[in-house]
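A quick write-up on the structure given underneath.
Derivation of every value follows stated rules applied to the coordinates shown; laboratory data play no part. Please read all numbers here as calculations on a predicted model, not as lab measurements. Glycine gets a Cβ as well: all are built from the backbone with ideal geometry, and neighbour counts include every protein chain shown.
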Amino acid sequence: DQQVKQNSPSLSVQEGRISILNCDYTNSMFDYFLWYKKYPAEGPTFLISISSIKDKNEDGRFTVFLNKSAKHLSLHIVPSQPGDSAVYFCAASDLNAGGTSYGKLTFGQGTILTVHP
Amino acid sequence: EAQVTQNPRYLITVTGKKLTVTCSQNMNHEYMSWYRQDPGLGLRQIYYSMNVEVTDKGDVPEGYKVSRKEKRNFPLILESPSPNQTSLYFCASSLIPRDYEQYFGPGTRLTVT
């Protein structure tokens, strides 16, 4: 059962335009969400996160929006640059979980973003 | 430089031949974890460790073993690899209790024939 889903395997945008990557989750216990970016032949690197007590978090060109009622989050990149071309993973966690779920991140399948010059 | 290192980066092996993928971090992190990445499935946790000598299963532990004898090292052991363990493997580490920004190694691409 995929608790975190990224239903778009790929997204293609023009340089300078907005990129919107989406993520849905089913586990209502998730209360912390992260986006990771992955270039080929490298490990994922942390990009931005949001706690469930917020509905928006911004860091430069990157903004994450959280809609708890819809169990949906999105990552906006404005303006998009060719260097943003990568695989983006959404991840979720339950900060209050104990036992085998302690510290665990549940990842989505990833979305390949291609930004054309 | 703060980093997580993995070795080897690429490995082709045959069914049944025991192998170990090493992972080391220099950030004094307590929490370490192994993931595998497969097409259409994202990253799935194999095993994790909350500290030295404390390890537990993740979502897909079958066919894998781990050990945590030192804080910095967290090797992944495949006692008898099978073709369904062909995958891209990532080691990650973070501070605990509430730092969920995990730092990932560069990955190990394993092919089992």
Can you give the average number of partner chain beta-carbon atoms within 10 Å of each beta-carbon in peptide B:55-66, as a whole number?
-> 1
Each residue of the range A:38-52 in turn: what ³J(HN,Hα) in whole Hz from Karplus with 6.51, -1.76, 1.60 and θ = phi - 60°, glycine and Pro shown as x?
-> 9, 8, x, 6, 10, x, x, 10, 5, 10, 6, 9, 8, 8, 5
Among B:59, A:59, A:84, which comes first, then next, by fewest other beta-carbon atoms within 10 Å?
-> A:59, B:59, A:84
Under 10 Å, Cβ to Cβ, from residue B:44 - net charge with Lys/Arg +1 and Asp/Glu -1 = -1
Counting Lys +1, Arg +1, Asp -1, Glu -1, what net charge surrounds residue A:112 among other residues with beta carbon under 12 Å of its beta carbon?
-> +1
On average, how many beta carbons from a partner chain sit within 10 Å of the beta carbon of a residue in B:103-110?
-> 3
Long-range HN-HN contacts of residue B:86 with modeled amide H, under 5 Å | B:112
Roughly how many nanometres apart are two label points built 7 Å out from the Cα toward the Cβ at residue A:28 and residue A:56?
-> 2.7
Per-residue mean of other chain beta-carbon atoms within 10 angstrom of the beta-carbon, peptide B:35-46?
-> 5
Per-residue Cβ neighbour rank within 10 angstrom, fewest leading, A:1, A:31 = A:1, A:31
